[in-house]
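The values are calculated or read from the model by the stated rules, or taken from the named source; none is laboratory data. These figures come from a predicted structure and were not determined experimentally. Note: ideal-geometry Cβ built from the backbone for every residue, glycine included; neighbour counts use all protein chains shown.
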Amino acid sequence: MLWVYTFIYYLIAGLILPREFLKRPRNLRLKWLRDKFAIFKQKVTHSSRSFIWVHCVSVGEVIALSTLIKKLSKNYNILLSTITDTGQKVAKDRFKGLPVETIYLPLDCPFAIKRTLKAFNPKALIIAETEIWPNLIHTAAKKIPVFLVNARLSEKSFKNYQKVKFFFKKVLDKLTLVVVQDKIYQEKFKALGVKEEKIVVTGNTKFDLEIPYVEFFWEGWVKKPVVIAGSTHHPEEEIITKAFLSAVNQGTLLIVPRHPERFDEVFSRLNLMLDNLEDVKLYRLSALSKEFSDLKEVKRCVLLIDQIGILGSLYRIGDLAIIGGSFIPHGGQNPLEAFYWKKPVIFGPSMENFPFIQEFLEKEACIQTKPENLSETLHHLLKNPEKLKALSEKAYQIYLSKTGATEKILNLLERYL
């Protein structure tokens, strides 16, 4: 059946490649095209050290495997592939100065995968979370061990894979190990036909964070309390802003949209929303400078963070975090960076992408609320610092108890590298 998949993939790729090419900034298009077709300038011979190929689809996976990549880079060169532009940007920033080479994931066609393997001659392929590309796995597994690490399967993905289990079972059989986040995912992979002895539960590497301490030149200007709305989606920016303004007479709301291509759109929407409110000011982070000090005079401020890769460090300066993607039926975004900095966390009804959050809820270490109750929840928490402190302490202790997955994965990989 692999040839059928490959044929269909060629047809689809032929249709979407022009659009994908044109939607990228001009300065990235040539690199993207070369990488997709695995056109590398020459055979790569960086040093006597072997390469390990790590594939992460986007920002979330890059962050989740950051500690693993940094530790592997002590002994190996790393070839890090991503699919998104933001994944590339964050990877380059995060691993600056390390032996990490970033590329866009080549097309999932045998010729492109073979050319990549020939150019870099990796010793192993490590795939993050749910990136099950049939030709990537099938072709690479003929030469090197292939690991699926920090693996998870949403209910939707699981049901889709079950429909074509006869095909994906053969693909998953090629994996050397499937290293899953918890026993729930272990059972799902078993149900898809993965042999039990190939599945190992290590916990979630997303808990093994290393977030840099960044001192922002403007952080002393903004009025307290500071509420950070992280990784927001449309129309959460308006929902959260409205709730914030109803809850506080003085304070700052930092809004960090999930997708950078929405920065202009979000600013326009918020500008329209706040236009008639004289006591509220809206700014873009990119418009601030060390000579700009108007923020010091503003009692209520909404600051749009139009810069990628800094959300994790931003949570440090917040008094409370609101997790985006949770007030719409999206499944939520990662709350762990807020827990890392001991920040109390609020989110909406939709957090199914992060099943571990249930334990935090059961132990009253975070707050889940509906959009219509967000203002009241914010007002109550911000007026009760003891409650905020209790939430953050409980959450941090649970967070600490779940760290350590990266070391377990490294110990497993050492048997094969």
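One residue stands out in region 90-141 among those that are among the charged types (D, E, K, R) and in a loop (DSSP other than H, G, I, E, B): the one that is farthest from His259 (Cα to Cα), namely Asp108. Sub-8 Å Cβ pairs linking a first residue in region 168-182 that is more than 20 Å from Ala64 (Cβ to Cβ) and among the aromatic types (Phe, Trp, Tyr) to a second residue that is part of a helix (DSSP H, G or I) and modelled with pLDDT of 95 or more, at least 6 apart or interchain, are Phe168/Pro134, ordered by first then second residue. I need the full set of residues from region 57-99 which are crowded, with 23+ Cβ neighbours inside 10 Å, out of contact with any strand residue (DSSP E or B) (no Cβ under 6 Å at 6 or more places or on another chain) and within 21 Å of Leu22 (Cα to Cα), in order please. Scanning region 57-99 gives Thr82, Gly87. Could you look through region 123-132, keep only residues that are at pLDDT 95 or above and surrounded by fewer than 22 Cβ atoms within 10 Å (Cβ to Cβ), and pick out the one that is farthest from the chain's Cα centre (by Cα)? Residue satisfying both the conditions and the ranking: Lys123. Taking the criterion of being of a type in the set (A, V, I, L, M), in a helix (DSSP H, G or I) and buried (at least 16 other Cβ atoms within 10 Å of the Cβ), the residues of region 268-283 that qualify are Leu270, Met273, Leu274. Any residue at all in region 315-322 that's touching an Asp or Glu at 6+ places or on another chain (Cβ under 8 Å) and modelled with pLDDT of 95 or more? Checked against the condition, which is being touching an Asp or Glu at 6+ places or on another chain (Cβ under 8 Å) and modelled with pLDDT of 95 or more, region 315-322 yields at least one hit.
Which of the residues belonging to region 246-267 are of a type in the set (Asp, Glu) and either crowded, with 20+ Cβ neighbours inside 10 Å or over 10 Å from Asp306 (Cα atoms) (or both)? Matches in region 246-267: Glu265 only.
Candidates in region 1-27 are the residues that are in contact (Cβ under 8 Å) with a residue 60 or more places away in the chain and surrounded by 10 or more Cβ atoms within 10 Å (Cβ to Cβ); of these, the one that is farthest from the chain's Cα centre (by Cα) is Met1. Gly332 falls short on exactly one of the conditions (1) outside the structural domain of Ile239 (by TED's automatic domain parsing); (2) under 17 Å from the mean Cα position of the chain (by Cα), and that condition is (1).
There is no residue in region 228-245 that is surrounded by fewer than 14 Cβ atoms within 10 Å (Cβ to Cβ), assigned to a helix (DSSP H, G or I) and without any contact (Cβ under 8 Å) to a residue 60 or more places away in the chain. For Val164, the conditions (1) free of Cβ contacts under 8 Å to residues at least 24 places away in the same chain; (2) among the β-branched types (Val, Ile, Thr); (3) more than 28 Å from Val201 (Cβ to Cβ); (4) out of contact with any Lys or Arg (no Cβ under 7 Å at 6 or more places or on another chain) all hold with the exception of (3).
It is to be established whether one or more residues within region 376-383 are β-branched (Val, Ile, Thr) and either farther than 28 Å from Lys156 by Cβ or in contact with a Phe, Trp or Tyr (Cβ under 7 Å, 6 or more places away or on another chain) (or both). Yes: region 376-383 contains one or more residues that are β-branched (Val, Ile, Thr) and either farther than 28 Å from Lys156 by Cβ or in contact with a Phe, Trp or Tyr (Cβ under 7 Å, 6 or more places away or on another chain) (or both).
Could you please find all residues in region 284-331 being out of contact with any Phe, Trp or Tyr (no Cβ under 8 Å at 6 or more places or on another chain), part of a loop (DSSP other than H, G, I, E, B) and of a type in the set (Asp, Glu)? Glu291, Asp319 - these are the residues of region 284-331 that are out of contact with any Phe, Trp or Tyr (no Cβ under 8 Å at 6 or more places or on another chain), part of a loop (DSSP other than H, G, I, E, B) and of a type in the set (Asp, Glu).
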